[in-house]
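The values are calculated or read from the model by the stated rules, or taken from the named source; none is laboratory data. From a predicted model like this one, the values you see are computed outputs, not experimental measurements. Backbone-built Cβ (ideal geometry, glycine too); neighbour counts: all protein chains shown.
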Amino acid sequence: MFSGRRAVAIVIFPFIFLLDQRYRQDRYLLNHENIHIRQAAEMLVVPFYIWYGIEFLIRYLQYKKFRQAYLNISFEREAYRNEKNLHYLKNRKLWAFRKYV
């Protein structure tokens, strides 16, 4: 997840790495990253990262801007749109990211 112009957290399955410890209490950020953990788990991890990378390249060619490409990756669209719903993962359907492609 990005804050301003830099990343503040990253998921390397099954861990969430925070680049600044003050985000440990940010429930929305942690929910965002936990959505990514669920996405990766349901895709058996490696295919998630392959898809993520390929989709980023496609979006970068489409938008020609790093941030816009990143924000339009289907996994990110799902996570950003649902990060403030702290009950989202309890009700999330399998492969829900597909509706954001």
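Kindly establish whether GLU33 is assigned to a helix (DSSP H, G or I), among the acidic types (Asp, Glu), farther than 23 Å from ASN85 by Cα and at pLDDT 95 or above. No.
Does segment 6-18 contain at least one residue that is outside any loop (DSSP other than H, G, I, E, B) and closer than 18 Å to LYS99 by Cα? Explain how you work it out, then say what you get.
Going through segment 6-18, the residues outside any loop (DSSP other than H, G, I, E, B) turn out to be 6-7, 9-12, 15-18.
Cutting the leftovers down to closer than 18 Å to LYS99 by Cα gives us none.
No, segment 6-18 contains no residue that is outside any loop (DSSP other than H, G, I, E, B) and closer than 18 Å to LYS99 by Cα.
Only one entry of LEU61, LEU57, LEU94 meets the criterion of being exposed (fewer than 13 other Cβ atoms within 10 Å of the Cβ), closer than 15 Å to MET43 by Cβ and of a type outside the set (Ser, Thr, Tyr), and that entry is LEU94. Could we say that LEU86 is assigned to a helix (DSSP H, G or I) and either surrounded by fewer than 11 Cβ atoms within 10 Å (Cβ to Cβ) or hydrophobic (A, V, I, L, M, F, W, C) (or both) here? No.
When you go through ARG38, ARG59, ARG24, ARG77 one by one, which is the residue that is part of a helix (DSSP H, G or I) and over 19 Å from LYS99 (Cβ atoms)? Answer to the selection: ARG24. Would you confirm whether or not segment 54-75 contains a residue that is in contact with a His (Cβ under 8 Å, 6 or more places away or on another chain) and closer than 21 Å to PHE17 by Cβ? Scanning segment 54-75, I find at least one residue that is in contact with a His (Cβ under 8 Å, 6 or more places away or on another chain) and closer than 21 Å to PHE17 by Cβ, so the answer is yes. When VAL101 is tested against (1) free of Cβ contacts under 8 Å to residues at least 24 places away in the same chain; (2) surrounded by fewer than 18 Cβ atoms within 10 Å (Cβ to Cβ); (3) among the β-branched types (Val, Ile, Thr), only condition (1) is not met.
Among the criteria (1) within 16 Å of PHE2 (Cβ to Cβ); (2) within 13 Å of the chain's Cα centre (by Cα); (3) polar (S, T, N, Q), the one GLN68 does not fulfil is (2).
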